[in-house]
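Below is one structure, written out as structure tokens; the observations come after it.
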Amino acid sequence: MVTLYSFAVKNIRRKPFRTGILVFAIALFVSALVFSLSFVMRVNQSIRKSSERLGADIIVVPTGARGAAEEVLLENRIKSFYMDRSLIDRVRSIEGVAALTDQTYLITVTGLCCSVPESMIIAFDQDSDFIIKPWLKGKVKRRLEAGEAIVGSESAFNIDLGLVEMDSMLFGNRFTMLGTLDKTGTGLDTAIFIGRENMDDIIKNGSADIRPGQISVIFVKVSEGVDPRKVAAEIENTIIEADTMARKDIGKSIIATLRDVSRIFSLTMLLASLLAVFLVWSIFSAIAHERSREVGIMRALGAKESHIVRLFVIEVLAIACMGGLLGAMFGTAFTMALGNSFSLLRNLSNDLETATRLFIAAAGFGIGGVICLAGALAPIRRLKGLEPLVAIKEE
Amino acid sequence: MPQLELRSITKTYETDGDSLRAVADVSLDVEAGEFVSIVGHSGSGKTTLLSLIGGIVRPSSGRILFEGKDLAGLSSDRIAEYRAVKIGFMFQFASLLPVLTVKENLLLPVVFGPHAGWSKEKKAEELLAMVGLADKSSAYPSQLSGGQQRRVAIARAFMNEPALILADEPTGDLDEETEMDMMRFFQSMNKNAKTTFIMVTHNTDLARLTQRRLRMHRGSLESENSSGR
């Protein structure tokens, strides 16, 4: 039994090359859309999650080191910067500060000081720490002794490769790797953690570029009901040697860069959308021209305007579905395969969740459908409004 | 009451400031079950008249009543329903859709009719057998000769069991023998199914076989004569 659906499918098969070109074009458009959306959402989500997972309301860094700190904490970059330890007490005295802990960042140089690949070594205060402990989940149920270390989840990968030995030389001191941290989704994943007790021996060895009494960052928790931004502003006003970042402001510089990238993507996708609409319009105009006589015959046989619209909408949607599905699949595959070739993405700790990937693919698929319908709208309206006799007489 | 009533129908086409009167003040009554033929020169307005009766063109003035209902009062959808249910069209050219098989072409009016979704394959096969193409149901129009395509289009016009067949030179591409076969088929449908026929033809021999002969000249309709079949 012939139906509007089977009739539409036969019409689509009528010119396979032309249908193929249209499907390919839609697939390309949807791929590009999925890739762009994935890129922007991954950076946005990663920064938001990383700042949430750090567990601190405010981060205090040396003046001028705000960007470097963001790069360490959000992008896994290896940087060091120092300020005087005495700032800890000055920060503690600010009203609204409930708890704080400090960390010191050291950079290993393979062959010169250390037996591990270039890594970030983080010395932390085990007594006051609230940044590292939540990710240990009881794996190391005691304090780290001198000469003991734990590694971030990404660095643990290096251990499996044999790049980091179970016993490694760090700044002239032998360290035993006790275990790995759970994945934090922050820059901490690529670091190696040691207790602050080791700093004296490291400094004595002289292979680390740090002086006694220096630290890199202070993480601050504010009292309940206190606005972190106000406390951060107070810290900056009181302590001229320090810059601060409130949790909501972490990643601002990256987000500002991303905003420009998003604008470029948006403009490119807008132009691509217009191009896709124009392509669909031109192909469906040609189809409408070729088949106006057939439409006239169908109208004479009793087809209503709605039958004609439905027939062509089914054809458009079938093409959109094919192109959209292919585009969503390829776009997702490209994103996963090529994502890490972009430095902005490579250094981010968080990848997109499956649900987010599915959402982006579905959005790309849907927008592909809308583009197809928008392009085919005018030719379909023209066919719908044809006077049957005029259409029949058209050659 | 006549099945079809045309009251002072005029159709004027406006093109580039010129106006062409294709049908001029035509009035006609056709009774249910009548077989009417219309002869006339090319351009005399025959096809336009059939199109007006079939509702695929709206008249510039005048009224067309089918079974007492004025077509002018019907919306586009109601006119389409009227064509799907009451009218069977035969065009003066091959009018099959190339992507559909012969049987699917026959079933196409069912898709647009009130019984969409009903299986009418048996009916299609019967009609194909009646026009001598039982073995061609799976063929595509491009695999048929012009005459065979014409016979498929003839069979298609009867798919929804219409009350009125509008046939525009339906046997134009057929050889004499097949033309007569088709004419006998029309006559049997006219007699047995009580289907009304209005047939435009150049063939005066065929016209003589019809119940009432009309002549169209410069848009006007004149009665030639009336005779029994």
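The values are calculated or read from the model by the stated rules, or taken from the named source; none is laboratory data. The structure presented is a predicted model; accordingly, all values stated were derived computationally and were not measured. Here the Cβ is made from the backbone with ideal geometry for all residues, glycine too, and neighbour counts use every protein chain on show.
Taking the criterion of being within 14 Å of A:Ala320 (Cβ to Cβ) and facing another protein chain (nearest Cβ under 10 Å), the only residue of segment A:10-24 that qualifies is A:Ile12.
Under the condition of being under 30 Å from A:Asp102 (Cα atoms) and either at pLDDT below 80 or in a helix (DSSP H, G or I) (or both), the residues counted in segment A:11-61 number 14.
Exactly one residue among A:Leu37, A:Leu22 is among the hydrophobic types (A, V, I, L, M, F, W, C), under 30 Å from B:Tyr140 (Cα atoms) and assigned by TED's automatic domain parsing to the domain that holds A:Arg259, and that residue is A:Leu22. Taking segment B:72-92 as the range and being over 12 Å from the mean Cα position of the chain (by Cα) and without any contact (Cβ under 8 Å) to a residue 40 or more places away in the chain as the test, the residues that pass are B:Ala72, B:Gly73, B:Leu74, B:Ser75, B:Ser76, B:Asp77, B:Arg78, B:Ile79, B:Ala80, B:Glu81, B:Tyr82.
The C-beta contact set for segment B:39-66 (first residue within 13 Å of chain A (Cβ to nearest Cβ), second residue part of a helix (DSSP H, G or I) and of a type in the set (A, V, I, L, M), distance under 6 angstrom, 6+ apart or interchain) comprises B:Ser51/A:Leu389; B:Gly55/B:Leu71; B:Gly55/B:Ile79; B:Ile56/A:Ala300; B:Ile56/A:Leu389; B:Val57/A:Leu389; B:Pro59/B:Leu52. Identification of helices (runs of 4 or more DSSP H) wholly contained in segment A:187-302 with 2 or more residues that are farther than 30 Å from B:Leu96 by Cβ and at pLDDT below 85 yields A:199-205, A:252-300. Applying the criterion of being of a type in the set (D, E, K, R) and modelled with pLDDT of 70 or more to the residues of segment A:152-176, the residue that is surrounded by the fewest Cβ atoms within 10 Å (Cβ to Cβ) is A:Arg174.
For B:Leu100, state whether it is under 20 Å from the mean Cα position of the chain (by Cα) and crowded, with 18+ Cβ neighbours inside 10 Å. Here the answer is no, as B:Leu100 does not meet what is asked.
In segment A:110-120 there is no residue that is at pLDDT 90 or above and in a strand (DSSP E or B). Are any of the residues in segment B:89-99 at the interface with chain A (Cβ under 9 Å from one of its Cβ atoms) and polar (S, T, N, Q)? Among the residues of segment B:89-99, at least one is at the interface with chain A (Cβ under 9 Å from one of its Cβ atoms) and polar (S, T, N, Q), which makes the answer yes. Being in contact with a Gly (Cβ under 7 Å, 6 or more places away or on another chain) and either in contact (Cβ under 8 Å) with a residue 60 or more places away in the chain or within 30 Å of B:His202 (Cα to Cα) (or both) is a description that does not apply to B:Leu108. Any idea which of (1) at pLDDT 85 or above; (2) more than 27 Å from the chain's Cα centre (by Cα); (3) under 22 Å from A:Ile88 (Cα atoms) is the one A:Glu148 doesn't satisfy? That leaves (3) as the condition not met. With respect to being surrounded by 19 or more Cβ atoms within 10 Å (Cβ to Cβ) and not hydroxyl-bearing (Ser, Thr, Tyr), A:Val316 fits the description. Residues that are within 14 Å of chain B (Cβ to nearest Cβ) and of a type in the set (Gly, Ala, Ser) were ranked within segment A:365-395; the one that is surrounded by the most Cβ atoms within 10 Å (Cβ to Cβ) is A:Ala391. Please determine whether any residue of segment B:68-79 is within 24 Å of B:Met189 (Cα to Cα) and surrounded by 15 or more Cβ atoms within 10 Å (Cβ to Cβ). Looking through segment B:68-79, none of the residues is within 24 Å of B:Met189 (Cα to Cα) and surrounded by 15 or more Cβ atoms within 10 Å (Cβ to Cβ).
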